[in-house]
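Contents: one structure, followed by commentary.
Every number in this text was worked out from the coordinates using simple rules, so none of it is lab data. Note that the structure is a prediction, hence the values are computed from the model and not measured. In this analysis, Cβ positions are derived from the backbone assuming ideal geometry, glycine residues included, and neighbour counts consider all displayed protein chains.
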Amino acid sequence: MSKLHLVFGGRVLDPQGLEFEDLKAIDFVGVFPDLASATDAWRSASQKTIDDAEMKYVVVHLHRLLEPDAL
């Protein structure tokens with residue numbers, strides 16, 4: 001199984017947290033087959049909004065959610 005990673009982002013209530021303001025406005029960047037390509041996509045999306053402290057993009061390790069016992 002691929003080690004799938006999801007990259008998404010949006011406006012957060014607190015720049016140090018992960019509570020998104022509007023879940024309907026989440027920007028889904030994509031699902032990636034490995035951490036390297038997910039990190040590249042995260043970096044690209046993050047750099048587009050670098051001057052906006054309330055915009056945050058994250059990488060979610062989907063493979064850890066799909067197979068939690070594999071750790």
Surrounding net charge for Asp27, when Lys and Arg each add one and Asp and Glu each subtract one, Cβ distance under 15 Å: +1
Eligible lysines near Lys24 by straight Cα distance, threshold 21 Å, same-chain separation 8 or greater: Lys48, Lys56
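From the convex hull of the Cα coordinates of the chain, what is the mean projected area in square nanometres?
On the way: hull surface 20.6 nm².
Projected over every direction and averaged, the Cα hull of the chain covers 5.1 nm².
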Rounded tilt (10° steps) of 35-48 against the dominant C-alpha axis of the chain: 10
MRE, 222 nm, helices only [DSSP H, n ≥ 4, -39500 (n - 2.57), over the chain, to nearest 500]: -7500 deg cm²/dmol
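Given an 8 Å cut-off on Cα distances and at least 6 residues of separation, report the relative contact order of the chain as a percent. Can you show the working numbers first?
Values: 115 pairs, mean separation 30.5, N = 71.
Worked out over the chain, it gives 43 percent.
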